[in-house]
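All remarks here apply to the structure that follows.
The values are calculated or read from the model by the stated rules, or taken from the named source; none is laboratory data. Not measured: the values here are computed from a predicted model. Every residue, glycine as well, gets a Cβ built from its backbone with ideal geometry; the counts of neighbours run over all protein chains shown.
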Amino acid sequence: MEALLHHSLESAIKQSNFYETFRQISTFGQLPDTAIKQLSNFITDATYDVISASYSDMEGRVLFDSLTKQFQDALKEELKDEKTLHELQSLLSDLLEEMKLNYIRSSKERKPEQTIEELEEIEQVAEEN
């Protein structure tokens, strides 16, 4: 969650003209990156605290459960949309390709026997499920 917040904040801030001007001042060169990191850490910690505390009382639990239900309903609706499904399919395909490339790269660094053992373990787990 922290990484997602960091990325989102960084993207939003970097799109502003203020950011580029601020970075050009040598003294403040690293300040935006540090501030983004601190802000994302703060938001992540605060979010965790809010979610944890929401279950400590009945009203918070009801509100959180309602939010969860609304999210589930919105997700179900989005998954019915063809455009969303195609985008998810594309993202999953890209992820699988990346995983294959990483596996091939790492298998080049290992002995063939290790790779065969891993394949046998994967096949055994697949058969059990």
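For region 113-122, check the following and say yes or no: at least one residue is in contact with a Ser or Thr (Cβ under 6 Å, 6 or more places away or on another chain) and at pLDDT below 85.
Yes: region 113-122 contains one or more residues that are in contact with a Ser or Thr (Cβ under 6 Å, 6 or more places away or on another chain) and at pLDDT below 85.
In a helix (DSSP H, G or I), at pLDDT below 85 and closer than 23 Å to Ser8 by Cα: is that true of Asp94 in this structure?
Considered against the rule, which asks whether it is in a helix (DSSP H, G or I), at pLDDT below 85 and closer than 23 Å to Ser8 by Cα, Asp94 comes out as no.
Given the condition surrounded by 10 or more Cβ atoms within 10 Å (Cβ to Cβ), outside any helix (DSSP H, G or I) and under 26 Å from the mean Cα position of the chain (by Cα), answer yes or no: does some residue in region 97-114 qualify?
For region 97-114, residues surrounded by 10 or more Cβ atoms within 10 Å (Cβ to Cβ), outside any helix (DSSP H, G or I) and under 26 Å from the mean Cα position of the chain (by Cα): absent.
Identify the residue in region 48-96 that is among the charged types (D, E, K, R) and exposed (fewer than 10 other Cβ atoms within 10 Å of the Cβ) and, among all such residues, is farthest from Thr115 (Cα to Cα).
Step by step, filter region 48-96, then rank; the result is Glu59.
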